[in-house]
Amino acid sequence: MPWKFDCIRGSSSLIAQSETRWPCKETYASLIIPNLNTSEPLSSPLLALVPIPPHPHLVPGEDRIGEKEMAEGMIPAINGIEEPAKSPIASAALHTAVIEEDVGEPIESRSVQTREFLNESIARGQRFRRKGVWSPGVSGCSRTTLWTETAAPLPRPPAREFLNHDALNTIQSHPSLFKVSTPIKVDVFESLLADHPNPDFVNSVCVGLREGFWPFADTHAEEWPLIFDNSDRPPKTEAEREFLRAQIEKEIEVGRYSQAFGPDLLPGMYSMPIHAVPKPGTNKHQLVTDHSAGKYALNSMISPEDIAGVTLDNIHDLANGLRSFRHSRPHAKLILWKADVSEAYRHMPMHPLWQIKQIVSFQGRQYVDRRNVFGGRASQRIYHAFMSLVIWIAIFKILIHFLYIYVDDSFSFEDKRDLELYAPYKKVLPRNMVKLLRLWDAIGLPHEERKQIFGSELPIIELASFAQKGSRRSLRDFQRLAGWLNWALNVYPLLRPGLSALYAKTAGKLVSRALLWVNRDVVRELNWVINHLRDVEGVFFFKSVSWSFSHLPPDVLTVYTDASGDGLAYWFPDLNIGFQSPLPSSAPIGTIFYFEALAVTAAILDAISRLHPAYHRIAVFSDNINTVSMFNSLAALPPYNWLLMESMDAIISAHVDFRVFFVAGVENVVADHLSRWRNSAAETFSPGLSIHPFTPPHNPLLPPRNTLGASKK
């Protein structure tokens, strides 16, 4: 039975007055202005709430299940899944890998212990950089859920904000403009968190729901203008104008915007520009407030360091859960599901002292935006704090064990036979999805049927429309696309080279609306990604397990590589075959790094052609640490990136797993001698060595080239 109760709405006055009982869907509150002369400013709640009748726990009598219980028996299975895993692409944080030039320290000076430590570190780091390698014995518990147990409380407005008497007077004298409201049933939500191990964090989120959230801001009230209007950004098209008009009317209707006032801003008010942006994968738009525009932008009031530290689940976490589940139910036929909250950020109320900064100006009228906005620097941090506690309830109270969340997308998997009717939709859905939707109903979190999806594959974003040479896109569009691709790398990690040109194009640029040309390199790499996405099977979660440098599996074909000022070489010790080539003339001048990477690429291509039933994997050894880093991160600067793309084309086509390890120069003697054409010396260290010439791979974007000099004996 769904929860039913009457909310109690406080008076709309900013000073505590008589209360009135209203049947409603939202919880309202009134601001109390503390007396700064006679009391501690923050010693009592800033908002007076009328008590709401308590409600029973959502799942009476069921104890919390801990991570220990969830992890019992979670030893990963080594058998593969029957179908390749697919992934939705969503926005993600951007991380740029930097490849440095060679350092001056002689490689030979590194000890065996240093080498082993380095390679084991590479193997560990590889699991994070390539996002497609898993370690045995890892729990499938949501990292977001565990983050809530140590997260710092969200802040209230600092005391100095209450010294801004102009803003306080505006709020007091216009009570109808400033309201704190949310559809969330705060008392129900709070009661379900009564035994959460981090009560300070829980309390801070509940206080935010009742009083309005403070976005970690310093408004610089004494130095910055009292009133600032930066809203002059007319809609570009009549369609955008009509969308903004209709959206503002909707926001007023649901109480997220105040009624119109004006035409002038009042003391303490700031107004930022608004615009419409397309929603990815739909023909709809979304209203965005640009809090980064102008000299006195709202986002510049918020330090990035203050909002850092959010932990988001991703496909890597889902894979850990799948592997854990597979151990106990190896033959279950699974489906994926994703549950999505509607209008996510907009359910979080903002404090009146921040609402006064969120004035929306449109066609000569002003509106107070009372809620968390798309475009605020702290918006995700605030919403994530709330949703992380929702998923904590779902896991530890509702017992949805393998549940994960990325911003507003909750996702998991289910035995395809475990379905249940969800009455409000009149639709059969995965059982755990139904349990989650019922939790959302109980706490008042809105959702829509069209946004809840499940199946063996989840949709990805369309990329082809972006890859049009000669077109111009904003920096924000480039960053958004890079975010989608970064998310896809959780399931398609070998496609990481497709981000190189995007990163190079956006490096050092800060103006989000600045238009950038979509150049040849961007188009080529995006088309490379698109072509592989159409064909590649993605990561097999149960086969992509890390393997150690110190204990190479018996099915690994090993190859050592080197480059010198005289040539390139690689050597297969198991086959006792060596290859050498003069340096290509078309390579960049003045660096050995390029040739080292070229030697590794040549070795990978050759090794793939030599695989047979005894060998299923490839281990490449190089004495150049930059080359090792490049191939394990799959990130390179543009001049080197074609080497990664060439290697990944072959790796993907052959369905081969590979690693690149570091070897000290003193232990890489055979390949070193071959690269210097000291064939007799190489044969001394490897008797019976068979030596052959080879032609290095060639950059397809460059004209045919010759090698530097003839073969040497």
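The values are calculated or read from the model by the stated rules, or taken from the named source; none is laboratory data. Predicted model only: the values in this text are computed from it and were never measured. Methodologically, a virtual Cβ is constructed for each residue, glycine included, from the backbone with ideal geometry; neighbour enumeration extends over all protein chains shown.
What to note about this one:
- The set of residues in segment 318-349 being part of a strand (DSSP E or B) and either closer than 30 Å to I171 by Cβ or among the aliphatic types (A, V, I, L, M) (or both) consists of L334, I335, L336, A339, V341, P349.
- Answer residue from segment 513-527, given it is surrounded by 15 or more Cβ atoms within 10 Å (Cβ to Cβ) and not in a helix (DSSP H, G or I) and is modelled with the highest pLDDT among those: V518
- For the residues V180, V188, V202, the requirement of being out of contact with any Ser or Thr (no Cβ under 9 Å at 6 or more places or on another chain), β-branched (V, I, T), in contact (Cβ under 8 Å) with a residue 24 or more places away in the chain and closer than 26 Å to G444 by Cα singles out V188.
- Unique match (being at pLDDT below 95 and in the same structural domain as W214 (by TED's automatic domain parsing)) among T145, T182, T170: T145
- Residues (more than 28 Å from E343 (Cβ to Cβ) and basic (K, R)) located in segment 159-186: R160
- Matching option when the condition is aromatic (F, W, Y) and crowded, with 20+ Cβ neighbours inside 10 Å, among Y296, Y270: Y270
- Considered as a group, the residues in segment 616-641 that are aliphatic (A, V, I, L, M) and within 24 Å of the chain's Cα centre (by Cα) include one that is nearest to A654 (Cα to Cα), and that residue is L634.
- Residue match in segment 210-218 (condition: modelled with pLDDT of 95 or more, over 26 Å from A159 (Cα atoms) and in contact with a His (Cβ under 8 Å, 6 or more places away or on another chain)): no
- Counted residues, segment 366-387 - those being at pLDDT 95 or above and either over 26 Å from R476 (Cβ atoms) or more than 19 Å from the chain's Cα centre (by Cα) (or both): 7
- Condition check for L689: in contact with an Asp or Glu (Cβ under 9 Å, 6 or more places away or on another chain), in the same structural domain as D566 (by TED's automatic domain parsing), hydrophobic (A, V, I, L, M, F, W, C) and in contact (Cβ under 8 Å) with a residue 60 or more places away in the chain: yes
- Any hit, segment 236-253, residues being touching a residue at least 60 places away in the same chain (Cβ under 8 Å), of a type outside the set (V, I, T) and assigned to a strand (DSSP E or B): no
- Filtering segment 266-287 to residues that are part of a strand (DSSP E or B), in contact with a His (Cβ under 7 Å, 6 or more places away or on another chain) and either among the aromatic types (F, W, Y) or modelled with pLDDT of 85 or more (or both) leaves only A276.
- A single entry from A221, A194 fulfils the requirement of being assigned by TED's automatic domain parsing to the domain that holds F411, under 26 Å from S258 (Cα atoms) and part of a loop (DSSP other than H, G, I, E, B): A221.
- Among the residues of segment 322-344, the one identified as under 30 Å from F228 (Cα atoms) and surrounded by 20 or more Cβ atoms within 10 Å (Cβ to Cβ) is A344.
- Total residues in segment 528-571, condition at pLDDT 70 or above and more than 26 Å from P584 (Cβ to Cβ): 12
- Residue in segment 316-330 that is polar (S, T, N, Q), in contact with a His (Cβ under 8 Å, 6 or more places away or on another chain) and under 22 Å from T145 (Cα atoms) present: no
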